[in-house]
1. Any residue that is touching a Leu at 6+ places or on another chain (Cβ under 6 Å), modelled with pLDDT of 90 or more, under 21 Å from ASP145 (Cβ atoms) and assigned to a helix (DSSP H, G or I) - is there at least one of those in region 221-236?
2. Residue by residue through region 138-182, note down the ones that are modelled with pLDDT under 95 and on the phi > 0 side of the Ramachandran plot.
3. Across region 59-85, which residue is farthest from GLY115 (Cα to Cα) among those that are surrounded by fewer than 16 Cβ atoms within 10 Å (Cβ to Cβ) and in contact with a Phe, Trp or Tyr (Cβ under 8 Å, 6 or more places away or on another chain)?
4. If you check every pair at least six apart or on different chains, which have Cβ atoms under 7 Å apart with a residue in region 69-82 that is on the phi > 0 side of the Ramachandran plot first and a residue that is surrounded by 14 or more Cβ atoms within 10 Å (Cβ to Cβ) and at pLDDT 95 or above second?
5. Enumerate the helices (runs of 4 or more DSSP H) found wholly within region 104-212, keeping only those where 1 or more residues are aromatic (Phe, Trp, Tyr) and surrounded by 22 or more Cβ atoms within 10 Å (Cβ to Cβ).
6. Just give me the residues in region 164-200 being of a type in the set (Asp, Glu) and within 21 Å of GLN255 (Cα to Cα), in sequence order.
Amino acid sequence: MKSGPNALYLGAFEYSTLVYRQNTEFLKIDNSQTPAISIIIPTYQAGETLENVLESITTQSSQDYEVLIMDGGSSDNTATIASRYCQRYPQIRFHSEPDQGVYHAMNKGIQIARGQWLLFLGSDDLLYRHDTLERVLPVLGDDDDVVYGNVYSTRFGGIYDGEFDNEKIINKNISHQSILFNRRTFATLGYYDPAYKVVADWEFNFRWFLSKQIRKRHIDETISNYADGGMSSRHDDLLFQQNRMLLYLRYGKEQLKLSTKNSILLSELKRALRTRNLRLLVGILRAVPRVYF
């Protein structure tokens, strides 16, 4: 699999298709013997915060879940804390090995998760209420592919951010801590693209939100307390920012008006010429036949 700078060379359209794919046979699970929700927590040097997020989960009024702690080979006390919780709670599993970043860890969690629904939390996040899972589980329908709610965060000054539409998602991301994915969504669309080191979740949100194949629904429920100071608040994802509008065009090509496509491509062309960005220009030229035909 090509990665890193190759994404720029190939252009946004080519690289965005090079995502992890999961064998659909692996996704056939027996709901009677599996938890309803798999909570996947990527960790690295998370000793200061891991216990808090695990407490917010293990004290839930509903115990119909499993927890997968996907660790990147921490050298602090992350493993010690995780092992203690694994001994107390058999539904918690801990996996530690070097990885290629948070989204690589999340992808590995998807592969071994047993639940029908997947929720991704950071090691410094918390479930919002003691009965969050109990409140959410009854509204997860068999016909739903993605159900998303809200998060609370001091970063956003409170509750973030209600229901999204095709325009809103261009400039605002849906926090992955507010999204519950039916596992078949990843069989349909692929995994997180780890070339986007900081906001691969935004790129994946483009994929499902703009897809006619995916049945999505917003619920007025706050899922988690999203911690400020995480990776996305401290770093920019320059690769995603360069490719963002072309990715939006690609995934939204069946829903966007012709005038919208024209406007975006013209704006991107002007940006490429103004900044003399040859790679962006190549990406635009390759995008044209795929957007219009």
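The values are calculated or read from the model by the stated rules, or taken from the named source; none is laboratory data. Keep in mind the model is a prediction, meaning the values are calculated, not measured. Counting neighbours? That spans all protein chains shown, and the Cβs are built from the backbone with ideal geometry, glycine included.
1. Just the residues of region 221-236 that are touching a Leu at 6+ places or on another chain (Cβ under 6 Å), to begin with: 224-225.
Narrowing further to those that are modelled with pLDDT of 90 or more: 224-225.
Subset that is under 21 Å from ASP145 (Cβ atoms): 224.
From what is left, the residues that are assigned to a helix (DSSP H, G or I) are none.
No, that holds for no residue.
2. GLY157
3. Ranking the qualifying residues of region 59-85, first place goes to GLY73.
4. That search, which allows pairs on different chains as well, returns GLY73/SER96.
5. The helices (runs of 4 or more DSSP H) meeting that bar are 184-189, 200-209.
6. ASP165, GLU167 - these are the residues of region 164-200 that are of a type in the set (Asp, Glu) and within 21 Å of GLN255 (Cα to Cα).
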